[in-house]
Structures are given as structure tokens and as C-alpha cells.
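Before any comments, here is the structure.
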Amino acid sequence: MSVPRIPVGSPQGIRSRGATGFVWWGPGAEGMDRVAAVESRVLLFASPESCLAWAGEAGSSRDERAETEVVDLDAVRPWLDRATPTIDLAEALGVVNMAIDVAASTGRSWDPRVGAHRGAYRRFVAAAVPWAFADADAAPAWSAREFGSAQSMVRRSVALLDRALAEGRPTDI
């Protein structure tokens, strides 16, 4: 079994439909963030501890600066279902960013930083990191088109992560 090398990383959680799975996450060989995957399937762990134990056996070490966080797909579903008019943009950005990392790790083509979703992605980043943006693109008012693009981007990210969890490879040692 060949696992892409993530020499220094941390366990990160993905919560969907009330269940949380953990992945080994960190920069891969090319410096881009990745999750451990085998044959296009994300390696899933029941706990951060089992993820850390596996990483140690695989020759990886923990990034002491990175805290274990949980990307919560359930937190963005009400907005996608239009049950609530607002969304926590930082939470949504976390979902999108994890989807980017999972897609890159499993060979799926998904990167909203380019193409049709680029503007919406930039707006999410600007809302989460406002001090990094001083231009009009970071303005709080969204057009209907931008809103639709943002919703499409988050919906596709949730679907990609749900599929990765469903097809994932349970790996508890």
C-alpha cells in the first residue's frame, strides 16, 4: 500500500450527518496541503489518537503548531437547504478548503480558486481574513450571481467530502 508522504501533519476531523472521521492532513511533497489517501480513497480514522498512531508508524510527525479542528459539513447544510439565510463564512471556507485538499489527494478535479467560482472563493477568504484585502472585492454586499456561485461552490464541496467519507478507507490501528 503506497501512501503519499505527509512528513509533518496533524489529525483533522470531518463531521457529516453527526459522525466525525479524522484524516492525516498536512503539506505534501510539493508543498500543497493534502490528506493521506490510498488508491484515491481517503484514509479515515475514528479518533485523533488513532490517526496520530498511524502517522507515527508511517514515519510522519505531528505539527505541534496545528490544532486538531473539525470541518463541520452539518453546519453549512441549513444554508444550502435555504433553512437559514446566513452562513458562517469561516466555517464554509473551512469546508471548501478541505474539499480542495481532499480532491487534490484523491485525483478529483476540483479547485474553486480558478474558474467560475474564483470570485466567490476570494470573497470567502476576504471575509475570513479581512486584513489581507483592501479592495472593493471584499465588500460585504453580494450580488445574486455571486451568492449563487458561493452556494454552488459550498454545495459541491460538501458533496465531494461526503463522497470521500463514504468511499474512504477505515484505518484504525
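The values are calculated or read from the model by the stated rules, or taken from the named source; none is laboratory data. In this text the structure is predicted, and so the values were computed from the model without any measurement. Neighbour counts are summed over all protein chains in view; Cβ atoms, including those assigned to glycine, are modelled from backbone coordinates with ideal geometry. Just the protein is used for accessible areas: all its heavy atoms, side chains included, with ligands, DNA and RNA removed. Shrake-Rupley method; radii C 1.70, N 1.55, O 1.52, S 1.80 Å.
Within the stretch 139-167, residues that are assigned to a helix (DSSP H, G or I) sit with their Cβ atoms under 6 Å from residues that are among the charged types (D, E, K, R), at 6+ positions apart or across chains, in these pairs: GLU167/ARG41. Give the residues of the stretch 63-95 that are open to solvent by 60 Å² or more (accessible area, probe 1.4 Å), over 23 Å from GLY119 (Cα atoms) and not acidic (Asp, Glu), sorted by residue number. Scanning the stretch 63-95 gives ARG65, ALA83. Screening VAL102 against (1) buried (at least 16 other Cβ atoms within 10 Å of the Cβ); (2) over 15 Å from the mean Cα position of the chain (by Cα) leaves a single unmet condition, (2). Could you say whether any residue in the stretch 126-135 is open to solvent by 20 Å² or more (accessible area, probe 1.4 Å), touching a Leu at 6+ places or on another chain (Cβ under 6 Å) and not in a loop (DSSP other than H, G, I, E, B)? Checked the stretch 126-135: at least one residue is open to solvent by 20 Å² or more (accessible area, probe 1.4 Å), touching a Leu at 6+ places or on another chain (Cβ under 6 Å) and not in a loop (DSSP other than H, G, I, E, B).
Inside the stretch 21-56, residues that are open to solvent by less than 10 Å² (accessible area, probe 1.4 Å), farther than 11 Å from GLY168 by Cβ and either free of Cβ contacts under 8 Å to residues at least 24 places away in the same chain or of a type in the set (A, V, I, L, M) (or both) make up a count of 1.
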